[in-house]
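Undergrad: Please see the structure below; I have some questions.
The values are calculated or read from the model by the stated rules, or taken from the named source; none is laboratory data. Please read all numbers here as calculations on a predicted model, not as lab measurements. Please note: Cβ atoms are built from the backbone with ideal geometry, for glycine as well, and neighbour counts cover all protein chains shown.
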Amino acid sequence: MNNTAVKIQEKQRQHASVRPKIKRKIKLRLTFREKFVLFSFLLFAIYASVKIVSNQVMIYHVNKNIQQLEGAIDEQRKYNNDLYVEVQQLSTYERILEKAKELGLSLNENNVKVVQE
């Protein structure tokens, strides 16, 4: 029986020695200067990100305005070309002679001077 009592005591010792490990929380203590540097860095990062985004927005708007102006320039160029073609058609010799006859003018070859460019 003595042997049985020893075994029981050994089991109790084994159960008593197995304890769950307690995780200790590591407290991170920062000095005032470290906190100030960290805070300054965070403010700078936020400022830089806002500045980058605002610059991208401004670039987008400028590019949009450039595209609109280029479109307006193309339309004006087409309109100017159409007007140039119309001027060329209206300034033909035959048309001018026809309009002059309609208005009662006659062609006097003595008064005609040829101008060459």
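Undergrad: Do we find a residue being surrounded by fewer than 10 Cβ atoms within 10 Å (Cβ to Cβ), at pLDDT below 90 and of a type in the set (D, E, K, R) anywhere in the range 96-112?
TA: Within the range 96-112, one or more residues are surrounded by fewer than 10 Cβ atoms within 10 Å (Cβ to Cβ), at pLDDT below 90 and of a type in the set (D, E, K, R).
Undergrad: Then there is this: Output the qualifying pairs, or none if there are none: Cβ atoms under 8 angstrom, residues six or more apart or on different chains, first residue in the range 24-44 and surrounded by 10 or more Cβ atoms within 10 Å (Cβ to Cβ), second residue assigned to a helix (DSSP H, G or I).
TA: Between residues of the range 24-44 that are surrounded by 10 or more Cβ atoms within 10 Å (Cβ to Cβ) and residues that are assigned to a helix (DSSP H, G or I), the close pairs are 30/38.
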